[in-house]
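*Asks:* Here it is, the structure in full.
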Amino acid sequence: MGIRDVLLREFGYEEPIVANNMGEQAFGMSRDSLRRSMNRLVARKELARFAEGIYYFPKWSELLQQETLLSERVVIERKYVKDKNKRYGYFSGGTFANQIQLTTQVPYVQEIVTMKCASKKRNVTLKVTQLLLRKPRVPVTPGNYKVLQVLDLLTEHLAFVEVGRKEMNEKVRKYLADVTLSNDEVIRIISEYPSKTSKELLESGLLDALIRK
């Protein structure tokens, strides 16, 4: 089976293939060899390049009479937030505040906390979207990312909040309703944040939304 068929079976159509997210020996090839193989597929028009290091298999749209284009939002998620099998980041700052309806503002720069960022913070541009990447305080998992989003909000991003304290608490509690972390794990995470975070949790009345009796 050729590399095109292997990639198509693994990712399917209209799904970002992020070269840097692959292991050093993905599909029995080194990352550099795999990248060269994908570039050859692009040259033969068997694969499309969205941006440097990001590829996909487009579909033909009969309605538009052209090949489909990838959603930039999906590309950002796959590159920095999560793929089909694992989570390694989350949206933060004004992007998160808008997501849970604490503000109507849509930030010009999207903030993402991601394990794909080796430095404390870094500014990058993907196509026309500007991103501020931050390194997480603790490893991101499917079970803890919502807690991390809320703690980041209380620590650094309350300026984005346009609603009153009562409405904010209601929306945050609703967002955290399906979190199943143990109290010990929540306390361990909170300990990685500055003291002002604990103070804000107490003053806002949100501590019991995280640590449950």
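*Asks:* Could you tell me the relative contact order of the chain? Use alpha-carbon pairs under 8 Å, at least six residues apart, and round to a whole percent.
*Replies:* Relative CO of the chain lands at 14 percent.
*Asks:* Quick one, which of (i) 17.8; (ii) 11.4; (iii) 14.4 is the actual mean projected area of the Cα convex hull in nm² calculated for this model?
*Replies:* For mean projected area of the Cα convex hull in nm², the calculated option is (iii).
*Asks:* Just the number, please: percent antiparallel of the DSSP beta bridges in segment 72-210, rounded to the nearest 5.
*Replies:* Of those bridges, close to 70 percent are antiparallel.
*Asks:* Is it possible to state the helix-based mean residue ellipticity at 222 nm for the chain, with each DSSP H run of 4+ residues giving -39500 (n - 2.57), the sum divided by total residues, to the nearest 500 deg cm²/dmol? What is it? All intermediate terms of the calculation are to be shown ahead of the outcome.
*Replies:* Working: 9 runs with 80 residues, N = 213.
So the calculated ellipticity at 222 nm is -10500 deg cm²/dmol.
*Asks:* Let me ask another. Starting from segment 34-63, pick out the trypsin sites (Lys or Arg not before Pro) whose DSSP state is loop and whose Cβ has at most 15 other Cβ atoms within 10 Å.
*Replies:* Passing sites in segment 34-63 are Arg44, Lys45, Lys59.
*Asks:* By the scheme Lys and Arg +1, Asp and Glu -1, what is the net charge of all other residues having a beta-carbon under 14 Å from that of Glu203? Could you put the intermediate results ahead of the total?
*Replies:* Details: positive: Arg165, Lys166, Lys196, Lys199; negative: Glu200, Asp208.
Within the 14 Å Cβ shell, the charges total +2.
*Asks:* Sticking with this one: Using the structure shown, select from Lys121/Lys166; Lys127/Lys171; Lys86/Lys166; Lys120/Lys196; Lys79/Lys166; Lys59/Lys84 the pairs with a Cα to Cα distance greater than 30 angstrom.
*Replies:* Lys121/Lys166; Lys127/Lys171; Lys86/Lys166; Lys79/Lys166
Just so you know, all these numbers are worked out from the coordinates, no wet-lab data involved. Model, not experiment: these values are computed from the prediction. Every residue, glycine as well, gets a Cβ built from its backbone with ideal geometry; the counts of neighbours run over all protein chains shown.
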